[in-house]
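Undergrad: Dropping the structure in here first, questions after.
The values are calculated or read from the model by the stated rules, or taken from the named source; none is laboratory data. Fair warning: this is a prediction, and the values are worked out from it, not measured in the lab. Quick reminder, even Gly has a Cβ in these numbers, built from the backbone with ideal geometry, and neighbours come from all protein chains shown. Only protein heavy atoms, including side chains, enter the accessible area calculation; ligands, DNA and RNA are left aside. Shrake-Rupley method; radii C 1.70, N 1.55, O 1.52, S 1.80 Å.
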Amino acid sequence: MTKRTRYITGLMIFLFCLLFTRQAGADPGYLWLEPGPQMSRAGGGDTGGKSRAEHRNSSSSPAAASRQATGHDVAGSTTHAPEAPTERKASAQADPAKKDEKKPPREKRAAMSHPAHYTLMLGWPPGPGKSDESLLAVKAAIIRPDGSTQKLSPGLETPDVARIRDAALIQGRYLISASLRQTQGTTRYRLYTQTVMRNTGEKPKGDVLPDQTDFETDKARLVMEDLSPDPGKNFARVHRKYTGDKLPLRMHLNELPLAGQPVTLATASGWRQTLQTDEKGEVTFALIKESFHDEGTKKRPVTYFVTSEIRKPLNSQDGYREEVLRAALAIMVYPSPLDWESRSAGIYVLVLVMAAVGVATAIRRRQRRRPCA
Amino acid sequence: MIQIQTDRDQKLTRRLKLHLAMSVREIFDAIALEQNRPVAMRPFDALFMNFAEAPDDILPAKPVKKVGLYCMTVPEEIVYAAGALPVRLCAGSADAAEAGEALFPDVSCPMVKSAAGFTRTGALPFYRQCDLVVIPATCDWKVKLGDILSRHVPVLMLNVPKHKTTETARLFWYDEIRRLCRALEKLTQTRITRARLRASISLIHAAQAEFRRFQDLRADDLCLISGRDAAEVANAWFYMDAASWTGHVRRLNEELHKRKQSGLGVIPKSAPRVLLTGSPVIFPNWKIPSLIENSGGALVCDELCSSGRLLWDMACVDEPLFDDMLDALADRSLMPCTCPVFTDANDRRVKLLRMIRDYRVEGVVHHVLKGCHPYDMELRPLEAELAAAGVSQLKIETDYSPEDTEPLRTRIEAFIETLKGRRLKSGGSF
Amino acid sequence: MRIDRIRLVVQALFFIFLIYGGILGFSIGNAVPTMACIYAEDRGGSCFLYPFQRFMSLPWSTLLAATIVPFLIYLGTFFLWGVVFGKAFCGWICPLGFLQDLLTKARHLLGIDGARFRWASRERFQWVKYALLALLILIPMGIGSSLAGLPKLSGDWAVPFCQICPGKPLLPLFSGDISHLIIDFSSPVKLAMSGLLMGLTGLFLVGGFVKRRWFCLYCPMAALLSLFDRIGLIGLKKKGDTCTRCGNCYRACPMEIREIADIRDRKHMVTQDCMLCMRCIEVCPENKALSATFLGFPVFTASADGFLKRHGGQPPLTQEDLPHDTDSNGS
């Protein structure tokens, strides 16, 4: 498929989405999980850094407040206090780790562990989603590194948002998935989201990575699987993706790879890119926008959304005419030097200066060495 | 170049040829009486004998263009690189000066008069055979000489910056040298390339190496060669091909070296060591060197543009590029030149003091040709400075004519006696 | 063998050492007064200026109390380097100087004629290196503590000289790191500095190609090393009374120092721009007019024979033909 057709498809989907939102206000949109504010853990939690705690308190109305403040950059900024911009790129990446090293020693497990805490959002990414008691109907589950599976029931929290929580005490990869079924008129919506969380903390008893247990009974199950490699012991990258990282995804439909499926990556500021899955159902995005942009220079994390949709006509006895399957993924991307350093601009200036000075010198010397009559 | 050969002119030419031959023979008759003279001087003698015997054979018989030069501010390397043969046309003949007298005011430089006389009469054929005559506008006489000579030969005047320490002077001179290059390229239809320039620089370097060695031999305590012979060797450079000159001087150096080892000098050690500086001493005007040595002095070195200064300064090729080489040549011909037409007399003073020290000179003879104003003008402050450094000096003002020989002999003898007296006083031995 | 070639070899060895020495674990510390870039990953020693600016950006209370000992040790190391080698760092060791010499070499191979400064323009820019030196002290000071009641500067001003030194993008290139060839848009200061750096790097490459050692005229390290011109162990001496002012040395001098040719009455010739490349000695045809000394003893002296030998002329036949220089056995 050529690039152009890819763009056209993307554009069409975009237009279609726009059209759809306008006309059918009842369309629920996508369901996704936004990393919520960190659960303050009684007894062992984040006791060390007072300033961090205070900071968290001050911006405690997480999603909404920060969304207003930073356009649509989402809640993640509150989970990690914005750090003063550091001048070297290496330190930008290594900084959290360094910071933790410098702090007075504290209980390791508590410091490094990271509870699963997500806000359920419904809407049209990258636009603002909403979260209210209607999302309490979401079925959610977590698969822990030790293989244990648990259903999570969303709870309603203070500013009327639906959240799911899990203590996530052991070290490893957690898979959290949620789904929502809705019907509007003759259309049946199946909304899925699945996110991967990595955690430090205690080692699991057995290092079993489980199969994905079928915890939901829906037949038509659309899964967008995050295939990002395990960062291993690189704690700085445990929870984070940085600009420039790769985001490999795999699309499944009913456990079968979904080939040729358009997948869209978008940011809150409106940039989007649509790629299609290959025959294995895989697609890889580079988490960097195609043009140089200025959000990065603010050095705050940005949320990227990946969405994909399947519509198929339905002839069921229930009278439904159409089924819409949607999968979404929200990813918090932290800034890296790629956001504010432009190599092309640098080389461009370099070459330009060299050319200009070179030509000027050549002309000047030509004048000096002109033949004398 | 249109030349109307009147009877009078022809008569003048004949007379000049005759007189020149007479004075040349006179010189070599005297030389023939000398004993103990280095054998390797013979090629040089032969060259200068040709002035009397075969004026057509003075220059090497090569089928190349001949470029006449005046002064030493024209880098000969460029002439060689263009495939031409440089001939230094500065002349020293009293008879030729007479022939050229009509063209100049009464008190004017005899060198210029002599050169103009040769060119006008054609008594020495190569003065008229030159395909180009390059005259740097150094002193006033040279400035006007171009105009006079251009009636007989094609002339290229070079502007010489007189205040050479400024940047503009240097850049100006670089451009003048480039102009010379182009003129020579046009003349010989040969492109001056990097390789040609490099080759000609090493040619001159070889000559300079021999010349420096020759000078070092002269610095020896033993007087290995007379000052007049040294002037002859240097004068021969004017007319000889660089390579053959180098070969002859190398043989001479070898002989002198052997003589040095066997302790054979031509002048007794008792002779006071004299330095000659000032206006050029050019064949056949060897009046002053002969007088000094006949009066019992030893002329151990000279600071003259006709000999001692001639091949001293060496061009350095700092970057292996054509333009840098040209600049280097331009610099070497202008910057270290101690000709008094330049404003800064300091260079000459320093050089003289250094020579006085290196050659252990006891007395300095300032040679001023009548009409050579730049030397005359520079003399007063220079005399004072050298006197302050404790150097005995004698100023001689003369021209090419042999008429004042006897009064000069008296003065020079007196000067030499003074020097001997000083040596005695300071406890020296003979 | 011409001294230029010897120097190029020595420079290449030092370049390899300073850029790749770290691979073998060598390091000669971080107070080396030469442009061995701190940003080169595998360096075997690094530039004095980076830690110096870091020290300068500490608040006074910290600098004079907690870090006074390391700071003094660091300054002392620099002082030792400077006294022993002095400007030889510029001519024989500096990697940036080596790059410029390579550019000149490339120009020679291409046969392109070089350029020279006009005397006036060269003198007009003499102050630049002192201004840079002053700024690289004052700006970091302004980060650590407020100067003259001015507000403190932001951290974006950190290590200001390194941010505009062409070594920063160029030298890491040799260890395969192209990440410094960038323009940083994260703040106006960074934007200006990185833009300036790219411009200066362009100027460095073009200027270094056109004119020998073009950037050294503006190097604040040269200004710092000038402190050791007189007290350094390596010296360059001139005997004015043998100089003919032929200008060979001036033309050969990569730094176009006119004093070397024009001044007769000064003995010490290590001037503010001199980099002790010894080229002037090599091209001087006058015996003993110029000489390089170590601890006062001459190690390399100008001579006519040496000059001719290097230029392929005729050397004298025997040693006894060498000229008499002093009148030790005068009358």
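Undergrad: Return yes when C:F48 is within 18 Å of the chain's Cα centre (by Cα), modelled with pLDDT of 95 or more and either under 18 Å from C:L170 (Cα atoms) or open to solvent by 10 Å² or more (accessible area, probe 1.4 Å) (or both) and no when it is not.
TA: When the stated conditions are applied, C:F48 does not pass them.
Undergrad: Moving to a separate point now. Kindly provide the set of residues from segment A:153-166 that are over 21 Å from the mean Cα position of the chain (by Cα) and either assigned to a strand (DSSP E or B) or touching a residue at least 60 places away in the same chain (Cβ under 8 Å) (or both), ordered by number. Full working, then the answer.
TA: First, pick out the residues of segment A:153-166 that are over 21 Å from the mean Cα position of the chain (by Cα): A:153, A:155-160.
Answer for segment A:153-166, where residues must be over 21 Å from the mean Cα position of the chain (by Cα) and either assigned to a strand (DSSP E or B) or touching a residue at least 60 places away in the same chain (Cβ under 8 Å) (or both): A:G155, A:L156, A:E157, A:P159.
Undergrad: If I filter segment B:214-227 for residues that are part of a helix (DSSP H, G or I), away from chain C (no Cβ under 12 Å), within 22 Å of the chain's Cα centre (by Cα) and of a type outside the set (S, T, Y), do I get at least one hit?
TA: Yes - at least one qualifying residue is present in segment B:214-227.
Undergrad: Has segment C:193-211 got at least one residue that is open to solvent by 20 Å² or more (accessible area, probe 1.4 Å) and in a loop (DSSP other than H, G, I, E, B)?
TA: No, segment C:193-211 contains no residue that is open to solvent by 20 Å² or more (accessible area, probe 1.4 Å) and in a loop (DSSP other than H, G, I, E, B).
Undergrad: B:L103 fails exactly one of the following numbered conditions: (1) modelled with pLDDT under 90; (2) in contact with a Leu (Cβ under 7 Å, 6 or more places away or on another chain). What is the number of that condition?
TA: Exception for B:L103: condition (2).
Undergrad: Only one residue in C:G22, C:G97 is crowded, with 20+ Cβ neighbours inside 10 Å and on the phi < 0 side of the Ramachandran plot. Which one? Explain how you work it out, then say what you get.
TA: Numbers: C:G22 fails: crowded, with 20+ Cβ neighbours inside 10 Å.
The match here is C:G97.
Conditions tested, residue by residue: (1) under 23 Å from C:M275 (Cβ atoms); (2) open to solvent by less than 30 Å² (accessible area, probe 1.4 Å); (3) within 11 Å of chain A (Cβ to nearest Cβ).
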| site | (1), (2), (3) |
| --- | --- |
| C:L102 | yes, no, no |
| C:K105 | yes, no, no |
| C:R116 | yes, no, yes |
| C:F125 | yes, no, no |
| C:P140 | no, yes, no |
| C:L150 | no, no, no |
| C:D156 | no, no, yes |
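Undergrad: Right, another one. Go through the residues of segment B:304-316 one by one and say whether even a single one is farther than 22 Å from B:Y70 by Cα, buried (at least 20 other Cβ atoms within 10 Å of the Cβ) and over 21 Å from the mean Cα position of the chain (by Cα).
TA: Checking segment B:304-316: at least one residue is farther than 22 Å from B:Y70 by Cα, buried (at least 20 other Cβ atoms within 10 Å of the Cβ) and over 21 Å from the mean Cα position of the chain (by Cα).
Undergrad: Mind checking which residues of segment B:160-193 are in contact with a Phe, Trp or Tyr (Cβ under 7 Å, 6 or more places away or on another chain) and without any contact (Cβ under 8 Å) to a residue 40 or more places away in the chain?
TA: The answer is B:E167, and nothing else.
Undergrad: Among the numbered criteria (1) in a helix (DSSP H, G or I); (2) touching a residue at least 24 places away in the same chain (Cβ under 8 Å); (3) more than 18 Å from the chain's Cα centre (by Cα); (4) within 14 Å of another protein chain (Cβ to nearest Cβ), which one does B:R196 miss?
TA: Of the numbered conditions (1) in a helix (DSSP H, G or I); (2) touching a residue at least 24 places away in the same chain (Cβ under 8 Å); (3) more than 18 Å from the chain's Cα centre (by Cα); (4) within 14 Å of another protein chain (Cβ to nearest Cβ), the odd one out for B:R196 is (4).
Undergrad: Answer yes if at least one residue in segment B:60-77 is out of contact with any strand residue (DSSP E or B) (no Cβ under 8 Å at 6 or more places or on another chain) and more than 24 Å from B:R250 (Cα to Cα), and no otherwise.
TA: yes
Undergrad: Scanning segment B:327-347 for residues that are surrounded by fewer than 22 Cβ atoms within 10 Å (Cβ to Cβ) and either at pLDDT below 85 or not in a loop (DSSP other than H, G, I, E, B) (or both), which turns out nearest to the other protein chains (Cβ to nearest Cβ)?
TA: Selected residue: B:D347.
Undergrad: Could you tell me which of the residues B:E383, B:E397 is surrounded by fewer than 21 Cβ atoms within 10 Å (Cβ to Cβ), away from chain C (no Cβ under 14 Å) and over 30 Å from C:I263 (Cβ atoms)?
TA: That would be B:E397, the only listed residue that is surrounded by fewer than 21 Cβ atoms within 10 Å (Cβ to Cβ), away from chain C (no Cβ under 14 Å) and over 30 Å from C:I263 (Cβ atoms).
Undergrad: Okay, moving on. Given the criteria open to solvent by 30 Å² or more (accessible area, probe 1.4 Å), on the phi > 0 side of the Ramachandran plot and either of a type outside the set (A, V, I, L, M, F, W, C) or not assigned by TED's automatic domain parsing to the domain that holds C:D273 (or both), does C:G111 qualify?
TA: yes
Undergrad: Could you list, in sequence order, all residues of segment C:244-280 that are among the acidic types (D, E) and at negative phi? Explain how you work it out, then say what you get.
TA: Here is the first cut: in segment C:244-280, the residues among the acidic types (D, E) are C:256, C:259, C:262, C:265, C:273.
Once the filter is applied, which keeps residues that are among the acidic types (D, E) and at negative phi, segment C:244-280 yields C:E259, C:D262, C:D265, C:D273.
Undergrad: Got a number for residues in segment B:169-193 being open to solvent by 50 Å² or more (accessible area, probe 1.4 Å), closer than 10 Å to B:A82 by Cα and within 10 Å of another protein chain (Cβ to nearest Cβ)?
TA: 1
Undergrad: Follow-up question, since we're still on this one. Taking the condition of being under 20 Å from B:V365 (Cα atoms) and open to solvent by 10 Å² or more (accessible area, probe 1.4 Å), how many residues in segment B:224-254 meet it?
TA: 2
Undergrad: Quick check on C:L170: is it within 13 Å of chain A (Cβ to nearest Cβ), of a type outside the set (G, A, S) and either touching a Gly at 6+ places or on another chain (Cβ under 6 Å) or open to solvent by 40 Å² or more (accessible area, probe 1.4 Å) (or both)? Steps first, answer last, please.
TA: Working: within 13 Å of chain A (Cβ to nearest Cβ): yes; of a type outside the set (G, A, S): yes; either touching a Gly at 6+ places or on another chain (Cβ under 6 Å) or open to solvent by 40 Å² or more (accessible area, probe 1.4 Å) (or both): no.
Against the criterion (within 13 Å of chain A (Cβ to nearest Cβ), of a type outside the set (G, A, S) and either touching a Gly at 6+ places or on another chain (Cβ under 6 Å) or open to solvent by 40 Å² or more (accessible area, probe 1.4 Å) (or both)), C:L170 does not qualify.
Undergrad: Hey, another quick one. Picking from C:L225, C:L217, C:L236, which residue would you name as being modelled with pLDDT of 90 or more, surrounded by fewer than 20 Cβ atoms within 10 Å (Cβ to Cβ) and not charged (D, E, K, R)?
TA: None of the other options fit; the residue is C:L217.
Undergrad: Any residue at all in segment B:58-75 that is part of a helix (DSSP H, G or I) and touching a helix residue (DSSP H, G or I) at 6+ places or on another chain (Cβ under 7 Å)? Steps first, answer last, please.
TA: First, pick out the residues of segment B:58-75 that are part of a helix (DSSP H, G or I): none.
Within segment B:58-75 (the criterion being part of a helix (DSSP H, G or I) and touching a helix residue (DSSP H, G or I) at 6+ places or on another chain (Cβ under 7 Å)), the answer is no, since none of the residues qualifies.
Undergrad: Working only within segment B:255-271, note down all residues that are away from every other protein chain (no Cβ under 12 Å), outside any loop (DSSP other than H, G, I, E, B) and either under 9 Å from B:A298 (Cα atoms) or open to solvent by 80 Å² or more (accessible area, probe 1.4 Å) (or both).
TA: B:S262, B:I267, listed by residue number.
Undergrad: Take segment C:191-219 and flag every residue that is under 13 Å from A:S342 (Cβ atoms) and at the interface with chain A (Cβ under 8 Å from one of its Cβ atoms).
TA: Of everything in segment C:191-219, those that are under 13 Å from A:S342 (Cβ atoms) and at the interface with chain A (Cβ under 8 Å from one of its Cβ atoms) turn out to be C:S194, C:G195, C:M198.
Undergrad: For segment A:149-177, enumerate the residues that are among the small types (G, A, S) and in contact with a Pro (Cβ under 8 Å, 6 or more places away or on another chain).
TA: First, pick out the residues of segment A:149-177 that are among the small types (G, A, S): A:153, A:155, A:162, A:167-168, A:172, A:177.
A:A162, A:A167, A:A168, A:G172 - these are the residues of segment A:149-177 that are among the small types (G, A, S) and in contact with a Pro (Cβ under 8 Å, 6 or more places away or on another chain).
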